[in-house]
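J.: I have a structure here, written as structure tokens, and I will follow up with some questions on it.
The values are calculated or read from the model by the stated rules, or taken from the named source; none is laboratory data. Fair warning: this is a prediction, and the values are worked out from it, not measured in the lab. With ideal geometry, Cβ positions are generated from the backbone for all residues, glycine too; neighbour counts draw on all protein chains shown.
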Amino acid sequence: MKVTILGSGTSQGVPVIACDCEVCRSTDEHDKRLRCSAMIDIGEKKLIIDAGPDFRTQMLRAGVKDVTALLLTHEHKDHIGGLDDIRAFNWVKNGEVDIYCNQRTKDVIYKDYDYAFAEFRYPGVPEMNIHVIDEAPFHIDDIEVIPVTVMHYRLPVSAFRIGNFAYVTDANFISEESMKKLEGVEYMVINALRKEIHLSHFTLNQAIQVVQRLNVKQAYITHIGHQMGLHEQVSLELPENVKLAYDMLTFEF
Ligand SMILES: [Zn+2]
Ligand SMILES: [Zn+2]
């Protein structure tokens, strides 16, 4: 399995207005982050987790020519705002793109992309085949995916476990029941927005605590805001089994 971090940032970390902080001014490529997303290559299969507003740029940057399926964690715009651009894959496939998400996320997609589901569709609209998932494990071809519900303040978000790998984003609380489902995970991507407490995201320390409790072999922090500090400096403060992710980081196991 190969994991590529397509984006390690957050909407707060992508300056839409000029920001003068040291991270936004940094010339280190590690400090330049697109919205949070990842790609998982398993054999010939390619899964993409989340399709935020930077989706198109991320597909081009990673040279993605086709996808097996998209997994969506939740309905916030920084995770589904790029779905219109799946039409390129519709063209490649000559058909729909398979998308796996919970019911709430599906409802928001139907609302935000109503033109894609209208009775009389304009030619060329994105074609999505949405599979609603709950907490039950499901299969994409021969790949078993275990959804794990985590809490983003009051919003349930789907984390995904595939074998000994788990991807947890937009969480600031994981129940004991969900922690059990993550037991035995060796490689993990987990969100942390910054060092200071936040309403709906783990802080760096909180994320590290989850990683250490699960005894994860190697973890990567994602969904990083500019308030986290410079990649180079923060990296020095981390335990050996925790690294800050950065855009286009890859790891294989
Ligand atoms: Zn969110
Ligand atoms: Zn987010």
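J.: In the list 93, 32, 46, 65, which residue meets the criterion of being within 15 Å of the chain's Cα centre (by Cα) and either surrounded by fewer than 22 Cβ atoms within 10 Å (Cβ to Cβ) or under 19 Å from residue 169 (Cβ atoms) (or both)? Give the derivation first.
T.: Numbers: 93 fails: within 15 Å of the chain's Cα centre (by Cα); 32 fails: within 15 Å of the chain's Cα centre (by Cα); 65 fails: within 15 Å of the chain's Cα centre (by Cα).
Checking each option against the conditions leaves just 46.
J.: Could you please let me know if residue 100 is of a type in the set (Phe, Trp, Tyr), under 21 Å from residue 169 (Cβ atoms) and outside any loop (DSSP other than H, G, I, E, B)?
T.: Details: of a type in the set (Phe, Trp, Tyr): yes; under 21 Å from residue 169 (Cβ atoms): yes; outside any loop (DSSP other than H, G, I, E, B): yes.
Yes, satisfied.
J.: Same structure, new question: Which residues, taken from segment 29-58, are within 14 Å of ligand 2 (Cβ to nearest atom) and farther than 19 Å from residue 192 by Cβ?
T.: Those that are within 14 Å of ligand 2 (Cβ to nearest atom) and farther than 19 Å from residue 192 by Cβ: 51, 53, 54, 55.
J.: Can you tell me which residue in segment 162-187 is nearest to residue 206 (Cα to Cα), limited to those that are part of a helix (DSSP H, G or I) and hydrophobic (A, V, I, L, M, F, W, C)?
T.: To start, the set of residues in segment 162-187 that are part of a helix (DSSP H, G or I) comprises 176-182.
Adding the requirement that they be hydrophobic (A, V, I, L, M, F, W, C) leaves 179, 182.
Details: 179: 14, 182: 16 Å.
Among residues in segment 162-187 that are part of a helix (DSSP H, G or I) and hydrophobic (A, V, I, L, M, F, W, C), the one nearest to residue 206 (Cα to Cα) is 179.
J.: Within segment 22-66, restricting attention to residues that are part of a helix (DSSP H, G or I), out of contact with any helix residue (DSSP H, G or I) (no Cβ under 8 Å at 6 or more places or on another chain) and modelled with pLDDT of 95 or more, which residue is farthest from residue 81 (Cα to Cα)? Don't jump to the end; show me each part of the working.
T.: Step one: of segment 22-66, the residues part of a helix (DSSP H, G or I) are 22-25, 29-31, 55-61.
With the extra rule that they be out of contact with any helix residue (DSSP H, G or I) (no Cβ under 8 Å at 6 or more places or on another chain), the set shrinks to 22, 25, 29, 57-58, 60-61.
If we keep only those that are modelled with pLDDT of 95 or more as well, we get 29, 57-58, 60-61.
Values: 29: 24, 57: 13, 58: 13, 60: 16, 61: 18 Å.
Among residues in segment 22-66 that are part of a helix (DSSP H, G or I), out of contact with any helix residue (DSSP H, G or I) (no Cβ under 8 Å at 6 or more places or on another chain) and modelled with pLDDT of 95 or more, the one farthest from residue 81 (Cα to Cα) is 29.
J.: Within segment 208-253, take every residue that is without any contact (Cβ under 8 Å) to a residue 24 or more places away in the chain and in a helix (DSSP H, G or I) and give me the one that is surrounded by the most Cβ atoms within 10 Å (Cβ to Cβ). Working first, answer last.
T.: Of segment 208-253, the ones without any contact (Cβ under 8 Å) to a residue 24 or more places away in the chain are 209, 215, 233, 235-237, 240.
From what is left, the residues that are in a helix (DSSP H, G or I) are 209, 233, 235-236.
Working: 209: 12, 233: 11, 235: 15, 236: 7.
By that ranking, first place goes to 235.
J.: For segment 68-81: of the residues being closer than 15 Å to residue 126 by Cβ and either buried (at least 22 other Cβ atoms within 10 Å of the Cβ) or at pLDDT below 95 (or both), which is farthest from ligand 2 (Cβ to nearest atom)?
T.: Going residue by residue through segment 68-81, those that are closer than 15 Å to residue 126 by Cβ are 69-70, 72, 80-81.
Still in the list and also either buried (at least 22 other Cβ atoms within 10 Å of the Cβ) or at pLDDT below 95 (or both): 70, 72, 80.
Working: 70: 16, 72: 11, 80: 10 Å.
For segment 68-81, the residue satisfying everything is 70.
J.: Going by what's in this entry, would residue 131 be described as touching a residue at least 12 places away in the same chain (Cβ under 8 Å) and in a helix (DSSP H, G or I)? Give the derivation first.
T.: Values: touching a residue at least 12 places away in the same chain (Cβ under 8 Å): yes; in a helix (DSSP H, G or I): no.
No; evaluated as a whole, the condition is false for this residue.
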